[in-house]
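The values are calculated or read from the model by the stated rules, or taken from the named source; none is laboratory data. All of these numbers come straight from a predicted model, not from anything done at the bench. Counting neighbours? That spans all protein chains shown, and the Cβs are built from the backbone with ideal geometry, glycine included.
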Amino acid sequence: MTQPFDERGKELRDLFFETTQELLQSLNDDSLKLEQAPGDQETIRSIRRTVHTIKGDAAAAGFRELSELAHAIEDALTLESVSDNALLVQLGFTAADTFGGMISAYQVQGELPGTAAVVDLVQKLTSGPKAKDAADKSSRPAATDVQWTEYERLSAESLRAEGKKVLHIVAHIDPLCAMPIAARQLVTNAIASIAQILGARPESGANVEVQRIDLLVATSQSDKLLISRCEIPTVIKKVECLEFGRAMQNQPSMVVNDAAPESTHDQAIDAHPAATPNSKDDGLRSTALGTLLRVDSERIDNVLNLVGELIIGKSMLQQVGQEFGSRFSRDPLRLRFADAMAFQARVLNDLQRSVMKIRMVPVEQLFRRFPRIVRDTAQRCGKEVTLELSGQDTDLDKVLLDAIAEPLAHIVRNAISHGIESPAQRTAAGKPSTGKLVLNAYHQANQLIVEVSDDGCGVDAEKVKLKALKMGVISASDAERMTQQEIVDLVFRPGFSTADEVTEVSGRGVGLDVVREVLHRLKGTVELETNPGAGTKFRLRLPLTLAIIKALLFRIESRLYAIPLNTVAEIARAKECDLHRVDKWEVLQLRGDVLPLMRLGGAPPEDSLHTKKKIFVLVINFGGRKWGLIVDALESEEELVIKALDDQTIATDLVSGASILGDGRVVLIMNLGAVVGRFTTSSRDGLPAGLFHNKTALTAPEVRQ
Amino acid sequence: MNAKPVRVLVVDDSALMRKLIPQILATDNSIEVVGTAIDGNFGLKKIEELKPQVVTLDLEMPGLGGLDTLKEIVRRHRVPVIVVSSHSTSGASVTLKALSLGAFDFVAKPNDVSSRMQEIARELISKIKAAAQSRGIQIYSSADFPTPVAHLKNKGVPPQQPSRIVAIGISTGGPQSLQLMLSQMPGDFPGSIVVVQHMPDGFTDMFARRLDECCALNVKEAQSGDLLLAGRVLICPGNKHLKVKRLPLGDVAILSDDPLVNGHRPSVDVLFKSVAEEFGQRAIGVLMTGMGEDGAQGLGLMKTSGAMTIAQGEQSCVVFGMPKVAIERGFAQRVVELDAMAATLQAQCGRGGAQVARAAGKN
């Protein structure tokens, strides 16, 4: 019988880890809400319910410490504690943090974090009458701690009525005594010879080690004699003797009829009225949750992979179909084949979209963490900030969502600590004293955009420039030439921080360079727009999904590459001789605009034959600017199923993946973010030509023709 | 066993419990979890949709809370409800309230699981089966309960020796049945009542207090050394066995940590056996609603030692298990339905407490 439960243990724990994240989130949400609406009973109840659920779940998953802590907190969260709202809010936040810490520790089976902060708050909340109680207790004579049973008290009363003296003797056992159990027997024997023992604690025969012995005795001897009998050297350290009547005062009356039911009972029930029916959106929410299906993301990935294979299969079929069509153009079967192909393509499309949707979750899941982050950061920095959220129902792949959580949090903390000014500064600048931070998410083409904008002081380009010069990131001549935007973008360089001092808040060893790096890894980008004095806007762009893209296939030096079609603004034809050189850049004049070019292959020899060579320039929208990408030939437009490449296969970030075409050829998918990045950083040291040159480190997998 | 599995709906706001409870129930193939619901509103909807035979209900939920949900289920659907309750003072209080509102029974959520998991699993499974077999919900309207009777308490009267000792063993359906029965008894009832109600620790204290509030009798959770007095009801605490002992100055209750008997602690058999030994024909044994057969054998011992033995009748039993076994084995001298139980005990113990007490004292 044990077996199945043990096996389930792990699954149960995993589920616990997963579900508690939601619970911790609502704990944070409610604490924030309580801070806004002090003393709101419904909110306190909700917090209590959440802690209660955590308690039960932790117990069920076998995490005793967590369950016990939650239990203590639940008890402290009574409606009576409303009087100190700030303390209650603090308890909510501290509890969420501590629980989180404990859960992480459980996950890695590490050492549990200290709970002193929470315990301290719980004590503060529950102090008052109870603490006083405890103090009273300790000041009372030791003898009254013991509860004699009704029968023992009855015996005492009746013997006293007979004229006997009834005494409560407390013998403290010497801590050095080697055999406390034997000590008990010695004392009992010594007393039994001169008095009648009515009761004993611990009860005679109980096999427990104690520090003291309590005896209720009736005797006609003097107290002194009894005490001297008990004082056995090296065994008993101290003996107290009290008249039974005195101890009685503090004991419940024996006449049980008078024992009024304790009032705590009613309160306990009243503190728990059935929750009133909730607001409408809560009902909706619960409905949505009720039909939720928890599926291991690996299973979805499997399905997704299979769909990918199907799409490859589709292009294979299409190719065969085309070949068939050209060979037997009159065959009526050709049309039927084409019909079937079209039908299959449509269903496949739907299938792909549905599978993608499974992985999508609303950005809300990410955004809801931010109220707490903003509150804490603002408090620590002494700023006043309100947070506005919009576009929470925008969908995004769960994996991407999780991946951008940290970068986004960093940007937000950054915006509060560096962007938004202190209330005094703001008032001086004629702005409202409370700063505004806006998180917005929306879809654009095949991308998800997340914007973080603040109405703070903006990025001071001059300051950035000076700093960059000082750090040697740029040369003086660079500084001369760089545009405002280019200078501002320097903040994304590794190790760059414009803050005068590193603060605890945003200076966590993570710079904006890390943010950019993460975004690049996700095939996304980060942009910065700033308006000195008026605010800053960070814009994160992410591909909606990683798995399948519409791509433009082209050749560079006879190798096949692809880029996402949605990044291509237009395709221009040119000859080598149309290209000009400005400084270290190759540029192309395109309808009056000067387009910086990226040449990935090797530079052509400068002979007349080559200057007439026709090339294509892909005009790419990237990072808010246009770039030209020189390619030798265009191949086709295809739907590509991206296969991730592991580090052993390919050791560069310039390629984000590979795909297999219908005819079995392999195509490499270019990571534009990294390519553009490489170009802009290295252009100053000379042309980075030949980035994708045949002889460079990048070796494409063997191409089967 | 029935070929068709018992259809169960799990209502709990904890995702973990919505997973764990069906897992536990899946170990028994005569039970089928037909659905889960995250709160009361949703639970009620699913009851209509899925028509479960038994509902397990968490009491602490957002939205429509546990008690309100229970009221609705009892009023509209009449599906037996097993409350899955937490181990805390407030949890106990709400749970007992749920029982008085018509919940079939309850299972205490584990507070330190792994070790007790199987025990809880077994308990939950057997309670679900019992609930499925019960004849729906026993509902007592408030008219069945005399109004609370603090003023009727036998105040100021010195405690008296009881005329007879009434030992009651009861399980599923017990809280409601005991409340109904004890509230019908007068404050000057001359007998002393000792009760073993199958209930985990942490609940019995609250249970005793609730009973004390609505009864003229004095009800108290038993402690070792408590006196058996006329008009007093001692409820055995959870996780202890209750025995009785005659001592020179009076009769007392003794609690012990002896091992489980019949899978129970407290066990009715332990109480009945000790009552039979100590009080013989001065005792009355009453075996009431509940599943299993705890107490049947003890009732037999009581009968042998000359005590009066009573089993609750099938009509009024929420689960006709323990009394059924006792009746089948011929251990019950009388079979009494719940509504007649209070009167029967009064007739047996006598009303004029003092005289009977003197008469009984000669025993």
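A few points about this structure:
- Residue within segment B:248-268 that is touching a Phe, Trp or Tyr at 6+ places or on another chain (Cβ under 7 Å), surrounded by fewer than 24 Cβ atoms within 10 Å (Cβ to Cβ) and assigned to a helix (DSSP H, G or I) present: no
- Unmet requirement for residue A:438, which otherwise passes all of (1) closer than 22 Å to residue A:387 by Cβ; (2) β-branched (Val, Ile, Thr); (3) outside any strand (DSSP E or B): (3)
- For segment B:116-127, the criterion of being within 13 Å of chain A (Cβ to nearest Cβ), on the phi > 0 side of the Ramachandran plot and at pLDDT 55 or above is met by no residue.
- All positions within segment A:310-332 that are assigned to a helix (DSSP H, G or I) and over 57 Å from the mean Cα position of the chain (by Cα): A:327
- Considering the conditions (1) surrounded by 22 or more Cβ atoms within 10 Å (Cβ to Cβ); (2) under 22 Å from residue B:241 (Cα atoms); (3) at pLDDT 90 or above, residue B:291 is excluded by exactly one of them, (3).
- The listed residues are B:14, B:85, B:93, and the only one of them that is over 22 Å from residue B:129 (Cα atoms), outside the structural domain of residue B:208 (by TED's automatic domain parsing), of a type in the set (S, T, N, Q) and within 23 Å of the chain's Cα centre (by Cα) turns out to be B:93.
- Checked against (1) in a strand (DSSP E or B); (2) of a type outside the set (Phe, Trp, Tyr); (3) buried (at least 23 other Cβ atoms within 10 Å of the Cβ); (4) within 14 Å of chain A (Cβ to nearest Cβ), residue B:195 meets all criteria but (4).
- Residue within segment A:131-150 that is over 55 Å from the mean Cα position of the chain (by Cα), farther than 21 Å from residue B:247 by Cα, modelled with pLDDT of 80 or more and surrounded by 15 or more Cβ atoms within 10 Å (Cβ to Cβ) present: no
- Identity of the residue in segment A:38-65, touching a Leu at 6+ places or on another chain (Cβ under 9 Å) and of a type in the set (Asp, Glu), that ends up nearest to residue A:119 (Cα to Cα): A:65
- Residue among B:244, B:270 that alone is out of contact with any helix residue (DSSP H, G or I) (no Cβ under 7 Å at 6 or more places or on another chain) and either within 14 Å of chain A (Cβ to nearest Cβ) or not basic (Lys, Arg) (or both): B:270
- Residue match in segment B:84-104 (condition: modelled with pLDDT of 85 or more, in a strand (DSSP E or B) and closer than 28 Å to residue A:71 by Cβ): yes
- Subset of segment B:14-42 that is among the polar types (S, T, N, Q) and either more than 7 Å from chain A (Cβ to nearest Cβ) or more than 12 Å from residue B:58 (Cβ to Cβ) (or both) - its residue that is surrounded by the most Cβ atoms within 10 Å (Cβ to Cβ): B:41
- Screening segment A:377-403 for residues that are closer than 18 Å to residue A:454 by Cβ and among the β-branched types (Val, Ile, Thr) and picking the one that is modelled with the lowest pLDDT gives A:377.
- Of the residues making up segment A:174-205, those that are among the β-branched types (Val, Ile, Thr) and outside any loop (DSSP other than H, G, I, E, B) are A:181, A:187, A:188, A:191, A:197.
- Check on residue B:247, over 25 Å from residue B:106 (Cβ atoms), modelled with pLDDT of 85 or more and not assigned by TED's automatic domain parsing to the domain that holds residue B:107: yes
- The residues of segment B:49-78 that are of a type in the set (S, T, N, Q) and either away from every other protein chain (no Cβ under 12 Å) or farther than 14 Å from residue B:9 by Cβ (or both), listed by number, are B:53, B:56.
- Top-ranked residue of segment B:303-334 - restricted to ones that are part of a helix (DSSP H, G or I) and among the polar types (S, T, N, Q), ranked as farthest from the chain's Cα centre (by Cα): B:304
- Pairs with Cβ under 6 Å, 6+ apart, first in segment A:94-116 and at positive phi, second in a loop (DSSP other than H, G, I, E, B): none
- Members of segment A:26-48 found to be charged (D, E, K, R), farther than 21 Å from residue A:387 by Cβ and in contact with a Ser or Thr (Cβ under 9 Å, 6 or more places away or on another chain), listed by number: A:42, A:48
- Residue within segment A:29-44 that is within 9 Å of chain B (Cβ to nearest Cβ) and closer than 26 Å to residue A:107 by Cβ present: no
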